[in-house]
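See below for the structure under consideration.
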Amino acid sequence: MKKILTNKLVIAAIAVAIIAASGIFVIGKRYERNSLPATVIVAQQEQVSTIGQAPVVVQTPLFHYIEIIDGCGPYYDTGTCVNMRSGPGLQYPVVNRLRSGIVLKVEATTTVSSDGLEWYRIIFDGEIRYPERVAGDWYVAVNPEAVRPFLDAGDSESAPGVVASTTKRIVIHLSQEMLYAYDGDTLFMQEPISTGLELTPTPIGRFTVYKKTPSRYMQGPIPGVSDQYYDLPGVPWNLYFTVGGAVIHGAYWHNHFGQPWSHGCVNLPPGQAQKLYEWAVLGTPVTVEE
C-alpha cells in the first residue's frame with residue numbers, strides 16, 4: 001500500500017512539474033501562455049466528471065486563435081493596420097487591413113518565409129455566406145506587439161431555449177441602448193450598446209445564450225433581412241441568443257455605442273464583449289425589452 005501511494009505521489013509531482021514548465025494557466029475554460037509560441041501544436045483542456053465512484057477525465061481540444069491588439073481604429077484613420085497577405089511573405093500582396101479587436105482562428109503551427117519571418121495561416125471552420133470573397137489563403141505575420149495568440153475551446157452549443165442552472169442573466173434595454181449583466185442581484189456589467197436599426201430591429205423577448213464562439217466571419221447582404229453589403233472577418237466574442245442569428249458580439253468597425261447601429265445584433269466594444277463572453281455560460285437567460 002505504501003509503495004502504491006508513493007508511486008502516485010511521484011506521478012502527481014511529475015505532472016505538476018510538466019504543467020509548471022509549460023507555462024499554461026487555466027483561466028475559466030481557456031488556457032493561455034504568457035508568451036505563447038506560435039509553434040505550440042497540441043493543447044487539451046481536462047474536465048473531471050464522476051460516474052459512480054470512478055473519476056472520468058474528459059479531454060476537450062483547444063484551438064489556436066489570434067487577436068489584433070494594436071491595429072488601426074474602426075475607420076482606419078488612427079493607428080497602424082495589421083496587414084493580412086495572400087501568402088507567407090512580405091512579397092505577397094495585402095488582401096486586408098486588420099483593425100484592433102479582430103479575432104481569427106489560425107493553424108496550430110506557423111509558416112516560416114524565406115526571409116525568416118513567421119506567419120499565421122488563417123482558417124475558417126464555420127459557414128461562409130459568400131465564399132467567393134475569400135480568394136486564396138490569408139496570412140498574418142507573427143508580431144507580439146500587435147498580435148496576441150491564445151488558446152480557446154472554440155465553438156460550444158446547447159439546444160436553444162434551455163436555461164442553465166445559473167444565477168447569471170443579461171438584460172438589454174433598447175430604448176436606453178444599454179446592456180446589463182447580473183449575477184443574482186450583483187451587477188457585473190453596465191455598458192452602452194448598439195442594437196438594430198429601424199429596418200433590422202433586434203428581436204424583443206426572452207431568450208437564452210445557446211451558442212458561443214470566439215470568432216465568426218459575418219457577411220451581407222442577408223436575403224430577407226438586409227440588402228446592405230458588408231464583409232467582416234473575425235467578429236469577436238459571439239453569444240448567440242436566437243436561431244435567426246441575433247448575437248451579442250464585439251464590434252471593431254464602429255464606435256457608435258449608445259445608439260442603434262446594427263443589423264439586429266447587439267454590438268459591444270470588443271474589450272467589454274470579451275469580458276461578457278468569458279463570464280456568460282450556455283443557457284444564460286437574455287431578456288430584450290423596450
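Once the mean 1/r over all distinct Cα pairs of the range 156-289 is inverted, what Kirkwood radius in angstroms do you read off? Over the range 156-289, the inverse of the mean reciprocal pair distance is 14.6 Å. Taking the range 174-210 and a reference point 7 angstrom along Cα→Cβ of residue 259, the backbone N atoms nearer than 19 Å belong to 174-179, 191-202. Using the alpha-carbon centroid of each, what span in Å lies between the range 196-217 and the range 218-290? So the two Cα centres are separated by 6 Å.
Between residue 124 and residue 197, the simple spin-label model (points 7 angstrom out along Cα→Cβ) gives 2.3 nm. Using 0.36 nm per residue and subtracting the Cα-Cα separation, the extra length available between residue 290 and residue 157 on full extension is 45.1 nm. Here each label is just a point 7 Å from Cα along the line to Cβ, and for residue 231 and residue 165 those points are 4.8 nm apart.
Rounded to the nearest Hz, the phi-derived 3J(HN,Hα) couplings of the range 232-241 under the Karplus curve 6.51 cos²θ - 1.76 cosθ + 1.60 (θ = phi - 60°) are 10, x, x, 5, x, 6, 9, 10, 7, 10, where x marks glycine and proline.
Summarising the label geometry, the points placed 7 Å from Cα in the beta-carbon direction at residue 279 and residue 180 lie 1.3 nm from one another. If R0 is 22 Å, the Cβ-Cβ spacing of residue 75 and residue 219 corresponds to a FRET efficiency of close to 0.65.
Read the figures in this text as sums done on the coordinates, not as results from a lab. Because the structure is a prediction, the values reported are computed rather than measured. Note that each Cβ is placed from the backbone with ideal geometry, even for glycine, and that neighbours are counted across all protein chains shown.
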